[in-house]
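Undergrad: Can you keep this structure in mind? I'll have questions shortly.
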Amino acid sequence: MKSNNTLVILILHLSSYAVLAHLTSRRSTNNNSSCTCAPEIDPVCVREGPYQYSYSSKCVFQCAQEKNKEIVLLYEGSCCSARYCNMFEPPVCSEDGQMYQSTCEFEERQCIEHKLYNKYLPMDSSNKKCSCIVPCPTEWNPVCDKKGKTHANFCTFLNSRCYNQNQLNETIEVDYSGVCCEDMCSAGQTSLTVCDSQGTTHTDICSFYVEKCRQTRRGTGKKASTNRRNWTMQTKKSTF
């Protein structure tokens, strides 16, 4: 029974690859292109501007490149991608003197180094850049830095500051305790502007609450409240 289940899983696995190859082969022949590719799975990783993604074969990549010269080949094989790292993960250093924000980011670089140069990139915790890294407790007591990034606690903030100073040559500072107000909501989703009780106009209700949150957590300025009588609706020209 176990062998039959294994066989079924294997058939489904191979079938999914066959479908993917067929679809990417068909996609490469669309738009009146004479370029055709065999339905095979031999992936390559490509870059188009800031984006990276995998094609099922080098042939499919070459067909796509005929139409868009901005698509460039990075390396053979599927694109390396970082696994999810939680906010408590400390920065790490590599043997070549580079520093990474987390183990996840380092492992992604290891994958790329292997595919590009067929070499193994070792971790080096004794690197001078990592001398300011400290072990942190896994407790949630967030702080927000002045760039609007939330850190799990003050200890993880210190590790981030170490990374920014030694790898990016930048300085970050704590702005206030708590989750960053920018994480409360997404600005720009409505066209309803808001005027607060201090006479300041905000682009939308989210922007108002973010600013109110900042003032409260920093302990600065008067508490702002919305003046509903001054709410105005922006009109946008239709693009249709």
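Each value in this text was obtained by applying a stated rule to the coordinates, not by laboratory testing. Note that the structure is predicted; figures quoted are calculated from it, not measured. Every residue, glycine as well, gets a Cβ built from its backbone with ideal geometry; the counts of neighbours run over all protein chains shown.
Undergrad: How much length, in nm to one decimal, is gained on full extension between Val174 and Leu74, taken as 0.36 nm per residue of separation minus their Cα-Cα distance? The partial results should precede the final answer.
TA: Values: separation 100, 0.36 × 100 = 36.00 nm, distance 3.82 nm.
Length gained, Val174 through Leu74: 32.2 nm.
Undergrad: Determine, for Lys128, Lys58, Lys147, the number of other Cβ atoms within 10 Å of each Cβ, and report the residues in order from fewest to most. Before the final figure, lay out each step's value.
TA: Working: Lys128 10, Lys58 16, Lys147 13.
With the fewest neighbours first, Lys128, Lys58, Lys147 line up as Lys128, Lys147, Lys58.
Undergrad: What fraction, in whole percent, of alpha-carbon pairs in the range 58-109 exceed 13 Å separation? Kindly include the intermediate steps, with their values, before the conclusion.
TA: Values: 890 of 1326 pairs.
Value for the range 58-109: 67 percent of Cα pairs lie more than 13 Å apart.
Undergrad: Here's something else I'd like to know. From the alpha carbon gyration tensor of the range 92-182, can you work out the equivalent ellipsoid semi-axes (sqrt of 5 times each eigenvalue) and give them in Å, largest to smallest?
TA: After scaling each eigenvalue by five and taking roots: 28, 13, 12 Å.
Undergrad: In the structure shown, do any of Lys69/Lys149; Lys67/Lys115; Lys67/Lys119; Lys128/Lys212; Lys58/Lys128 have a Cα-Cα gap over 32 Å, and if so which?
TA: Lys69/Lys149; Lys67/Lys119; Lys128/Lys212; Lys58/Lys128, as the Cα separations exceed 32 Å there.
Undergrad: Also: Assign unit charges at the C-beta atoms only (+1 for Lys and Arg, -1 for Asp and Glu), then state the dipole size of the range 111-200 relative to its Cα centre in Debye, rounded to the nearest 20.
TA: Values: 8 positive and 10 negative charges, 97 e Å.
Computed charge dipole of the range 111-200: roughly 460 debye.
Undergrad: Turning to a different aspect of this structure: Out of the range 104-165, which chymotrypsin sites (Phe, Trp or Tyr not before Pro) are coil in DSSP terms and have no more than 11 other C-beta atoms within 10 Å? All intermediate terms of the calculation are to be shown ahead of the outcome.
TA: Working: sites: Phe106, Tyr117, Tyr120, Trp140, Phe154, Phe157, Tyr163; in loops: Tyr120, Trp140.
Those satisfying the criteria are Tyr120, Trp140.
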